[in-house]
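Here the structure comes first, spelled out in structure tokens, and everything after it is commentary.
The values are calculated or read from the model by the stated rules, or taken from the named source; none is laboratory data. It should be emphasised that the depicted structure is a prediction, and the values quoted were computed from it without experimental measurement. Here the Cβ is made from the backbone with ideal geometry for all residues, glycine too, and neighbour counts use every protein chain on show. The accessibility values were calculated without ligands, DNA or RNA, using every heavy atom of the protein model including side chains. Shrake-Rupley method; radii C 1.70, N 1.55, O 1.52, S 1.80 Å.
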Amino acid sequence: MLGYIIRRVLWIIPVLFVVSVITFGLMHSAPGGPWSREKKLPEATVAALNAKYGLDDPIPIQYLKWVGGLLHGDLGPSYKYLDRSVNDIVADGIGTTVQLGIQAFLLSVIIGIPLGVIAALRHNGIPDYLATLVSVLGICTPSFVAAILLLVIFSVWLKWLPTFGWDSPANWILPTVALALFPIAQIARYTRASMLEVTRKDYVRTAHSKGLREGSIVVVHMIRNALIPVVTILGPILAFLITGSFIIEFVFSIPGIGRYYVTSIGQRDYGVIMAMTMIFAVAIAVMNLIVDVLYAYIDPRIRYS
Amino acid sequence: MWLKKSFAILVVLGLILAACGGTQGSNSPSANASGSGAASGPQILHVDMGGEPPSLDPTQATDSASITVLRSITATLVYFDKQLNVVPWLAKSWDVAPDGQKITFHLQDNIKYSNGDPIVAGDFVFSWKRLVDPRNAAGYGYIMADVKGGSDLLAADPKKDAAKIDGLLTKFGVSAPDDKTFVVELAKPAAYFVYIASLYGTVPLQKKWVSQKGFTEAKNYVGSGPMKLTQWQHNAKIVIEPNPNWNPAISAAEGGAPKIQQVQYSMITDPAASLAAYEANELDIGAPPSQEVSRIQNDPKLSKQVIQGATLNITYFGFDLKNPTGLFTKSVTARKAFSEAINKKQMMAVAFSGIGVVADSLVPPGMPGHQDTAFIPYDLAKAKTDFEAGLKEANLTKADLKLQIGYNTGANWENKVAFMAEQWRTAFGVEVKPVGLEWGAYLDRLSKDPFDIFRLGWGADYPHPNNFLTDLISCKSTNNNMGYCNKQVDDLLAQAATKPKLEDQLPLYNQAQEMVMKDAPIIPIRFGQRFALVKPWVQNLVPTSQDSQITGENFFAWVSIAPH
């Protein structure tokens, strides 16, 4: 097992290398640069800026310099937020983004799994229809629509919760709910389908025929087995949630790093683009690894060597 | 069936809950806790600056979010009054030498930074040199081009000419003969230059703290304005409070010492969310997106909170005059035809929600030198004959034309560009193909190979026609993407800059503008208009046409909040 984990961790390195080369290349091949303005900067100023930030070097040299910086823990300067380093920007926002992601993750697990279980146990009953309705709505409603809807209902009409910021727990509620809607729906659907499949398994029927209590059949025999496929999607969901949601951070003005995923591209803020991509890549790779390890733990049939 | 019924019950339940909550919520303490703007008494102004400011270093800032804060926490030599006349600020007076090439500023008595140190003339010398130094690559460094030695410095390469730069800086035309006198020598007469001394890039900076601390944290920030920076939570909010060291005599006309105790700038990037925050009483000033304009106008409560007024900017479409075989390069008449075919009034109503003023020239209303003349009026019949004449002039046929109109995506230009293309199709039977590019790619394309017709905008740095004519359409202007060049226009503009008095300059600027409109290198479309919402309890707000981001931003220090 340990050998397996070490091998997988080592594999992350070439993955990150390929991701960084592709991103770096694409980013620099996009027309325009960080100094493009509607009020154009004089050519001498642009040249001076390029010299100041080393953007006049050939692209491969720039890449090597970036890698060199990365190995020393330096993500370089931001070209948009002058005087600030990418390290500063990431350090300022990552905690908030991760907190929001974990809150949303917990909420979606706490609601999504029971929702799926109840729906499966009351298959074709009212709870099933309601759960299906919730998950269909959750999957079909784009998060920016859901976010604005929550904002209008709970902040503008009811005035219960603040519309923006991250200062107090009251600020956390709406964004967490808005961000969790989609994963709640996703988890509920997976859980329901997987539970229904398990219901028909021989070992469940055996358990029934042995006269075990309904509760212990559901918990010990059904849920534990039904959750195996669900765990597979929890990893990517967690990675997706803790690397932030551009839309949710944008709508609720949350000072995380999620907003930079999209804005940095428009601004050609090269250092920030690279940092965001790498964080996302590392998060996905690590989450996938954790899921695989968890898998072996939950499913006795799986053994790594 | 069951599903339908239970869903209906849920909806009804939800509505009942919502109704109950509405009546209680407005009085409950939680409403006050969340919407801190609802508290009565404290002098706190809540505004939205639209996002994290890229830099609060006055030398480096170039964008409106940064400017909106800098206007309160730093101070320039001269400032504007409510009518945008230049008035004394850190300088109590200034003399212009008879040849127009030297300006001597006399500083006010008892002026201090927020750290208590006195502001001395040498700090301006330091700050101005910092702005022009090519090693700092300041975005607005070019405003120093008129100072003696300025253009040499700006053109110097920070790598190749490294040895030269220090020498050039010592010869740069700024000096401080004593602590109270700041002298600027100009390379050529530039009567508008005193306006340059009102730009935030020219504020005094103390060498001692600039070289030690950065501008990125509130605790390190030393300002020179009526307010000071007390909190900067990156990407979340900025708080400013009165600067106890500000000399209230300077701002006697505005109301003396600052009245507001705190201005809280939030950073809401989504316009819809910003409007929601305004409606939830979390913001005192709102800037609704254009899609919301008609709802607001029809809302009995919100419609009373609307403030409208001119802003000093223009939206225009430029013609590519660099392509030697292009229709527009070869024929002025064709350019006029394309201008005459656009019904701007209808366009304003249809595509701009009625917010804005039809533009028929370059210099906007509210700026000296504005001419209320429709130089190329909407005239469909004339457009058609001019189009045919233009084709002949250019020696082209309709079939030769493969015209494109360029715009940047993601900023609601699609409907405006489609409107124009449709007008040309009906007038000339010509297809002009809209091409949208992402912002960075769009700007890149304009500087290299512009579209036949392309959208751009221009906003005033300072309220003087020089900023709208010389800086936009003179031959050498970097912002002249059209490639338009008329030596006579340039001569008129240079001549205007030698006249010390504004009333003597204006006829020359007017002549220049008339000449430009005769050449029709652009289609002016719309002068900006503010459509803002202001809560009734915000008092003494002074909106000016120079506000760049938030209505009234230039005079926030003297706003007061009525009990509510």
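If you scan the stretch B:149-184, which residues turn out to be of a type in the set (Lys, Arg) and over 25 Å from B:SER224 (Cβ atoms)? Within the stretch B:149-184, B:LYS159, B:LYS160, B:LYS164, B:LYS171 meet the criteria. Can you tell which of B:ILE240, B:ILE250 is outside the structural domain of B:PRO289 (by TED's automatic domain parsing), surrounded by 23 or more Cβ atoms within 10 Å (Cβ to Cβ) and of a type in the set (Val, Ile, Thr)? After applying the criteria, what remains is B:ILE240.
Restricting the stretch A:275-302 to residues that are in contact with a Lys or Arg (Cβ under 9 Å, 6 or more places away or on another chain) and of a type in the set (Gly, Ala, Ser), the residue that is nearest to A:LEU238 (Cα to Cα) is A:ALA285. Looking at B:ALA163, B:ALA156, just one residue is assigned by TED's automatic domain parsing to the domain that holds B:PRO58, touching a Lys or Arg at 6+ places or on another chain (Cβ under 7 Å) and over 22 Å from B:ILE67 (Cα atoms), and that residue is B:ALA156. Of the residues making up the stretch B:151-176, those that are within 14 Å of chain A (Cβ to nearest Cβ), surrounded by fewer than 19 Cβ atoms within 10 Å (Cβ to Cβ) and either of a type in the set (Phe, Trp, Tyr) or not in a helix (DSSP H, G or I) (or both) number 4. The set of residues in the stretch B:487-523 that are touching a helix residue (DSSP H, G or I) at 6+ places or on another chain (Cβ under 8 Å) and under 22 Å from B:PHE451 (Cβ atoms) comprises B:VAL516, B:ASP519, B:ALA520, B:PRO521, B:ILE522, B:ILE523.
Hey, any hits in the stretch B:349-369 for a residue that's over 23 Å from the mean Cα position of the chain (by Cα) and either β-branched (Val, Ile, Thr) or open to solvent by less than 30 Å² (accessible area, probe 1.4 Å) (or both)? Looking through the stretch B:349-369, at least one residue is over 23 Å from the mean Cα position of the chain (by Cα) and either β-branched (Val, Ile, Thr) or open to solvent by less than 30 Å² (accessible area, probe 1.4 Å) (or both).
Residues checked against (1) open to solvent by 40 Å² or more (accessible area, probe 1.4 Å); (2) more than 8 Å from chain B (Cβ to nearest Cβ):
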position: A:PRO31; (1), (2): yes, no
position: A:GLY54; (1), (2): no, yes
position: A:PRO58; (1), (2): yes, yes
position: A:HIS72; (1), (2): yes, yes
position: A:SER78; (1), (2): no, yes
position: A:TYR81; (1), (2): no, no
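Taken across the stretch B:519-530, residues that are under 16 Å from B:ASP284 (Cβ atoms) and open to solvent by 10 Å² or more (accessible area, probe 1.4 Å) do occur, with at least one present.
For every residue, the table says whether it meets (1) within 24 Å of the chain's Cα centre (by Cα); (2) surrounded by fewer than 23 Cβ atoms within 10 Å (Cβ to Cβ); (3) small (Gly, Ala, Ser).
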site	(1), (2), (3)
B:THR104	no, yes, no
B:ASP109	no, yes, no
B:PRO118	no, yes, no
B:TRP128	yes, no, no
B:VAL132	yes, no, no
B:ARG135	no, yes, no
B:GLY141	yes, no, yes
B:MET144	yes, no, no
B:GLY149	no, yes, yes
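Of note, B:TYR462 does not satisfy the criterion of being assigned by TED's automatic domain parsing to the domain that holds B:ASN480, of a type in the set (Ser, Thr, Tyr) and more than 30 Å from B:LEU84 (Cβ to Cβ).
Reported count of residues in the stretch B:225-267, each being modelled with pLDDT under 95 and acidic (Asp, Glu), is 1.
In the stretch B:256-275, the residues that are not assigned by TED's automatic domain parsing to the domain that holds B:VAL293 and open to solvent by 10 Å² or more (accessible area, probe 1.4 Å) reach residues that are in a strand (DSSP E or B) and of a type in the set (Gly, Ala, Ser) with C-beta atoms within less than 6 angstrom, at least six apart or across chains, in these pairs: B:LYS259/B:SER560. If you take the residues of the stretch B:269-291 that are away from every other protein chain (no Cβ under 12 Å) and not in a loop (DSSP other than H, G, I, E, B), which of them is modelled with the highest pLDDT? By that ranking, first place goes to B:ILE285. Taken over the stretch A:116-126, residues that are open to solvent by 40 Å² or more (accessible area, probe 1.4 Å) and either aliphatic (A, V, I, L, M) or touching a residue at least 60 places away in the same chain (Cβ under 8 Å) (or both) amount to 4. Does A:TRP166 fit the bill of being part of a loop (DSSP other than H, G, I, E, B), over 30 Å from A:ILE265 (Cβ atoms) and either open to solvent by less than 50 Å² (accessible area, probe 1.4 Å) or within 12 Å of another protein chain (Cβ to nearest Cβ) (or both)? It is false that A:TRP166 is part of a loop (DSSP other than H, G, I, E, B), over 30 Å from A:ILE265 (Cβ atoms) and either open to solvent by less than 50 Å² (accessible area, probe 1.4 Å) or within 12 Å of another protein chain (Cβ to nearest Cβ) (or both).
Here is a yes/no grid of residues against (1) β-branched (Val, Ile, Thr); (2) in a loop (DSSP other than H, G, I, E, B); (3) open to solvent by less than 50 Å² (accessible area, probe 1.4 Å):
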| residue | (1), (2), (3) |
| --- | --- |
| B:LYS304 | no, no, no |
| B:ALA334 | no, no, yes |
| B:GLN346 | no, no, no |
| B:THR373 | yes, yes, no |
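Mind listing whichever residues of the stretch B:210-266 are within 14 Å of chain A (Cβ to nearest Cβ) and in a loop (DSSP other than H, G, I, E, B)? Result: B:LYS213, B:GLY214, B:PHE215, B:THR216, B:GLU217, B:TYR221, B:HIS234, B:ASN235, B:ALA236. In the stretch B:335-351, the residues that are on the phi < 0 side of the Ramachandran plot and hydroxyl-bearing (Ser, Thr, Tyr) reach residues that are surrounded by fewer than 24 Cβ atoms within 10 Å (Cβ to Cβ) and part of a helix (DSSP H, G or I) with C-beta atoms within less than 9 angstrom, at least six apart or across chains, in these pairs: B:SER339/B:ALA383. Just checking, does the stretch A:100-110 include any residue being assigned to a helix (DSSP H, G or I), surrounded by fewer than 22 Cβ atoms within 10 Å (Cβ to Cβ) and hydroxyl-bearing (Ser, Thr, Tyr)? No, the stretch A:100-110 has no match at all. Within the stretch A:123-148, the set of residues being over 17 Å from A:SER245 (Cα atoms) and within 11 Å of chain B (Cβ to nearest Cβ) comprises A:ASN124, A:GLY125, A:ILE126, A:PRO127, A:ASP128, A:TYR129, A:LEU130, A:THR132, A:LEU133, A:VAL134, A:LEU137.
Here the stretch B:496-551 is the region considered, the condition is being more than 17 Å from the chain's Cα centre (by Cα) and of a type in the set (Lys, Arg), and the residue that is nearest to B:GLN43 (Cα to Cα) is B:LYS535. Across the stretch A:175-192, the qualifying residues are those that are out of contact with any Ser or Thr (no Cβ under 7 Å at 6 or more places or on another chain) and open to solvent by less than 10 Å² (accessible area, probe 1.4 Å), and the one among them that is modelled with the lowest pLDDT is A:THR191.
Residue-wise test of (1) surrounded by fewer than 24 Cβ atoms within 10 Å (Cβ to Cβ); (2) over 16 Å from the mean Cα position of the chain (by Cα).
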site: A:VAL219; (1), (2): yes, yes
site: A:PHE246; (1), (2): yes, no
site: A:GLU249; (1), (2): no, no
site: A:ARG259; (1), (2): no, no
site: A:ASP269; (1), (2): no, yes
site: A:ALA283; (1), (2): yes, no
